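The values are calculated or read from the model by the stated rules, or taken from the named source; none is laboratory data. In this text the structure is predicted, and so the values were computed from the model without any measurement. Note that each Cβ is placed from the backbone with ideal geometry, even for glycine, and that neighbours are counted across all protein chains shown.
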Amino acid sequence: MDVIRFRFDGRGIEAEQGQSIGAALIAAGYRSWRSTRRTGQPRGVFCGIGVCFDCLVTVNGSPNQRACLTEARHDDQVATQEGAGRDHLAG
Amino acid sequence: MTTSPAEPRYDVAVLGAGPAGLAAAVAAASTGSRVALIDSASRPGGQFWRHRAGDDGTRQLHWDTFRALRDALERVEHLAGHTVWHAERTEQGFTLHTVNGGAASEVACRTLIVATGAYDRQLPFPGWTLPGVFTAGGAQALLKGHGVLPGQRIVVAGTGPFLLPVAAGLAEAGARVLGVFEAGTPARFTRHPVTALGKLGEAVGYLRTLRRHRVPYRMRSAVVAAHGEATVRAAGVASLDARWRIVPGSTRTLDCDAVAVGYGFTPQLEIPLQLGCATRLDVDGSLVTRVDGQQRGTVPGVYVAGEACGVGGAGLSLVEGELAGLHAGYTTTDTRLNRRHIDRLLRRRAALRSFAAAMHEAYPVRRGWLGWLAEDTVICRCEEVTASEVRRSIVDLGATDPRAVKLYVRPGMGLCQGRMCGYATSWLTAQHHGRGVRQDDLLGMSSRPIAQPVSLGALSGHADD
């Protein structure tokens, strides 16, 4: 199995080729990479198959990517998503 | 949204590459139809045959069937990685609007076979939004699809036979499974006449695996709370009475780092609902598409197979998929159908459906689960709507159906569009009004004109922003 490397909030993460970002983060010991819009609660993978939209993460600057479906790619920059992930758009 | 006057490129488009969709695509292609198989995953198999690249199928069921179907896809155009977000009728058939990564495209077809499967049905409980609490299917998907265990000390809970393969798989992969907590009392099921079908053998095999790993299987018990700050650290497990009310004083705490939970399945009906297909309430309380003996929905040209017309497992899905594929193929190519083979499939369908119905009757959801909720238990995970807010919309604002609840306090308004909370919101509303959940309750939480989020960038032909 080929190993690829990506960054999560600046830290190096190893993933097997074909793994989702969510699976790779769980394998690396992380459980959450999003805080909710209303109460700031931590969230990670729940349904694991793209249905619940709980595991949203920012990948290479694009917010709201489902970590459970998005395949990890070499040199990806993955970041914890705060709220809707579009705070930078607010005045 | 263009309506092309040209002849559609495909006679048959199949949505979903699980057991039903694979069987449908291969059967349709066998009649000489031009077939597209559209699926959002990169590899065929659906949830049932979810696998990793190079997987030899050691821990898969009916892997030979999968391999045969996969090999037969040579005659099918497999559009992997394509998600259908909207379907519309055209003069010639249907146009399916899809996205593939950042790129939008349209697929035109004369007939459509919907085989979109199902996902885990959830009953909320305090703490169920903590990271480390997974759906049963999610825990299994991490393992089957990515080779990753969701935790090291795992509690499995819910109702239905699916908990067994989930727990057995996790234990076989090296996790310590602290128990399988089945809310129902399915023991009666083993005496049901249709269990003579032989499917029980699978369950016995899983129970043997659980015994080998010393995993306790407890009936009439449930995870009624998850505890922790940033992640789950413990699960509250309680004994239940026959109505699923917590037996006072029975709750104990199990230290764990993951919980996998599921209470049956919810079929994915976005596409048939967009096209106007009629539905019914199935024995398990799920909203499903109505189909006839040819797997036809009530809208001409739309066939439905697998869980989307009634949750019944992979065996039934294969039969329904083949029926749908053959009939859609015969219709579009005007070939003669093999009556004897069709009759054989129909007999098998009838037997497997009565098995599924007996199974559903053995694993009903009982109303006592509503008592597990605290005031501040989140019902809608997306919009963070609590049980007390839902109740307030019913009691103070006078909502009489879930759609009104949704408009007042927003459960189901988030990105998942009610997929996670639709069932629970329906229960809460129905219970307050002293009735059971009706088809209309679930329908009110199931309408999704855009089945999947699609970026404006993809629609305008530009890369995702």
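Go through (1) in contact (Cβ under 8 Å) with a residue 24 or more places away in the chain; (2) surrounded by 20 or more Cβ atoms within 10 Å (Cβ to Cβ); (3) more than 21 Å from B:R52 (Cα to Cα) for A:D75 and report which single condition fails.
Evaluating A:D75 over (1) in contact (Cβ under 8 Å) with a residue 24 or more places away in the chain; (2) surrounded by 20 or more Cβ atoms within 10 Å (Cβ to Cβ); (3) more than 21 Å from B:R52 (Cα to Cα) leaves (2) as the failure.
Just give me the residues in segment A:1-13 being of a type in the set (D, E, K, R) and within 12 Å of chain B (Cβ to nearest Cβ), in sequence order. Lay out the reasoning, then the answer.
Taking segment A:1-13 first, the residues of a type in the set (D, E, K, R) are A:2, A:5, A:7, A:9, A:11.
Of everything in segment A:1-13, just one residue is of a type in the set (D, E, K, R) and within 12 Å of chain B (Cβ to nearest Cβ), namely A:D2.
Can you tell me which residues in segment B:229-244 are under 26 Å from the mean Cα position of the chain (by Cα) and charged (D, E, K, R)?
Listed by number, the list holds a single entry, B:R243.
Can you confirm whether B:P161 is surrounded by fewer than 23 Cβ atoms within 10 Å (Cβ to Cβ) and more than 27 Å from A:E16 (Cβ to Cβ)?
On the way: surrounded by fewer than 23 Cβ atoms within 10 Å (Cβ to Cβ): yes; more than 27 Å from A:E16 (Cβ to Cβ): yes.
Yes; evaluated as a whole, the condition is true for this residue.
Considering segment B:38-58 alone, what residues qualify as being more than 12 Å from chain A (Cβ to nearest Cβ) and over 22 Å from B:G137 (Cβ atoms)?
B:D56
Table: residues versus (1) within 14 Å of another protein chain (Cβ to nearest Cβ); (2) in contact with a strand residue (DSSP E or B) (Cβ under 8 Å, 6 or more places away or on another chain); (3) aromatic (F, W, Y).
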residue: B:V283; (1), (2), (3): no, no, no
residue: B:T331; (1), (2), (3): no, yes, no
residue: B:R336; (1), (2), (3): no, no, no
residue: B:R339; (1), (2), (3): no, no, no
residue: B:I342; (1), (2), (3): no, no, no
residue: B:T377; (1), (2), (3): yes, yes, no
residue: B:C380; (1), (2), (3): yes, no, no
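Mind listing just one residue for me: the one in segment A:14-42 that is closer than 21 Å to B:D257 by Cα, buried (at least 23 other Cβ atoms within 10 Å of the Cβ) and not aliphatic (A, V, I, L, M) and, of those, nearest to the other protein chains (Cβ to nearest Cβ)?
Applying the filter and picking the extreme gives A:S20.
Keeping to segment A:46-81, report how many residues are within 9 Å of the chain's Cα centre (by Cα) and in a loop (DSSP other than H, G, I, E, B).
Result for segment A:46-81: 5.
Say whether the condition of being free of Cβ contacts under 8 Å to residues at least 40 places away in the same chain, out of contact with any His (no Cβ under 6 Å at 6 or more places or on another chain) and part of a loop (DSSP other than H, G, I, E, B) is met by at least one residue in segment B:279-286. Reasoning before the result, please.
Of segment B:279-286, the ones free of Cβ contacts under 8 Å to residues at least 40 places away in the same chain are none.
Checked against the condition, which is being free of Cβ contacts under 8 Å to residues at least 40 places away in the same chain, out of contact with any His (no Cβ under 6 Å at 6 or more places or on another chain) and part of a loop (DSSP other than H, G, I, E, B), segment B:279-286 yields no hits at all.
Kindly establish whether A:G85 is more than 9 Å from every other protein chain (Cβ to nearest Cβ), crowded, with 17+ Cβ neighbours inside 10 Å and either without any contact (Cβ under 8 Å) to a residue 24 or more places away in the chain or not in a strand (DSSP E or B) (or both). Let's see the steps before the verdict.
On the way: more than 9 Å from every other protein chain (Cβ to nearest Cβ): yes; crowded, with 17+ Cβ neighbours inside 10 Å: yes; either without any contact (Cβ under 8 Å) to a residue 24 or more places away in the chain or not in a strand (DSSP E or B) (or both): yes.
The answer is yes for A:G85.
Name the residue that is farthest from the other protein chains (Cβ to nearest Cβ), counting only residues in segment B:407-425 that are farther than 23 Å from A:N64 by Cα and out of contact with any strand residue (DSSP E or B) (no Cβ under 8 Å at 6 or more places or on another chain).
So, considering only residues that are farther than 23 Å from A:N64 by Cα and out of contact with any strand residue (DSSP E or B) (no Cβ under 8 Å at 6 or more places or on another chain), the one farthest from the other protein chains (Cβ to nearest Cβ) is B:L407.
Between B:L22, B:L37, which is out of contact with any Asp or Glu (no Cβ under 8 Å at 6 or more places or on another chain), closer than 25 Å to B:G101 by Cα and surrounded by 22 or more Cβ atoms within 10 Å (Cβ to Cβ)?
Details: B:L37 fails: out of contact with any Asp or Glu (no Cβ under 8 Å at 6 or more places or on another chain).
Just a single option satisfies the conditions, and that option is B:L22.
For segment B:382-406, how many residues meet the condition of being away from chain A (no Cβ under 14 Å), touching a residue at least 24 places away in the same chain (Cβ under 8 Å) and not in a helix (DSSP H, G or I)?
Going through segment B:382-406 one residue at a time, the tally reaches 3.
Which residues, taken from segment A:67-79, are more than 9 Å from chain B (Cβ to nearest Cβ) and either closer than 22 Å to B:A458 by Cα or touching a Phe, Trp or Tyr at 6+ places or on another chain (Cβ under 6 Å) (or both)? First the steps, then the outcome.
Residues of segment A:67-79 more than 9 Å from chain B (Cβ to nearest Cβ): A:67, A:70, A:72-79.
Hits for segment A:67-79 are A:A67, A:T70, A:A72, A:R73, A:D76, A:Q77, A:V78.
Sort out which residues of segment B:226-250 are surrounded by fewer than 16 Cβ atoms within 10 Å (Cβ to Cβ), farther than 21 Å from A:I26 by Cα and touching a residue at least 12 places away in the same chain (Cβ under 8 Å), and write them in order of number.
Selection gives B:D241, B:A242, B:R243, B:S250.
Across segment B:63-117, what is the total count of residues that are part of a helix (DSSP H, G or I) and crowded, with 19+ Cβ neighbours inside 10 Å? Please lay out each step first, then the result.
If we filter segment B:63-117 for residues that are part of a helix (DSSP H, G or I), which is where we start, we get B:63-75.
Next, from what is left, pick out any that are crowded, with 19+ Cβ neighbours inside 10 Å: B:66, B:69.
Qualifying residue count for the region: 2.
For B:T332, which of the numbered conditions (1) at pLDDT 95 or above; (2) crowded, with 22+ Cβ neighbours inside 10 Å; (3) among the β-branched types (V, I, T) fails to hold?
Here B:T332 clears every test but (1).
Could you check, for segment B:424-445, whether at least one of its residues is at pLDDT below 90 and either part of a loop (DSSP other than H, G, I, E, B) or surrounded by fewer than 16 Cβ atoms within 10 Å (Cβ to Cβ) (or both)? If you could, list the steps in order and put the result at the bottom.
Looking only at segment B:424-445, we keep the residues that are at pLDDT below 90, and these are none.
No.
Restricting attention to segment B:282-300, and to residues there that are touching a Lys or Arg at 6+ places or on another chain (Cβ under 7 Å) and not β-branched (V, I, T), which single residue is farthest from B:C109 (Cα to Cα)?
Initially, segment B:282-300 is screened for residues touching a Lys or Arg at 6+ places or on another chain (Cβ under 7 Å), giving B:288, B:290, B:297-298.
If we keep only those that are not β-branched (V, I, T) as well, we get B:290, B:297.
Numbers: B:R290: 22, B:G297: 16 Å.
Result: B:R290.
For segment B:17-31, name all the residues that are in a loop (DSSP other than H, G, I, E, B) and closer than 15 Å to B:A314 by Cα.
Taking segment B:17-31 and keeping what is in a loop (DSSP other than H, G, I, E, B), we get B:17-18, B:31.
Those that are in a loop (DSSP other than H, G, I, E, B) and closer than 15 Å to B:A314 by Cα: B:A17, B:G18.
Taking only pairs six or more apart or across chains, which ones have beta-carbon atoms under 6 Å, a first residue in segment B:124-151 that is more than 7 Å from chain A (Cβ to nearest Cβ) and more than 19 Å from B:G54 (Cβ to Cβ), and a second residue that is in a loop (DSSP other than H, G, I, E, B) and among the hydroxyl-bearing types (S, T, Y)?
As it stands, the answer is B:P124/B:T377; B:P126/B:T377, since those pairs meet every condition given.
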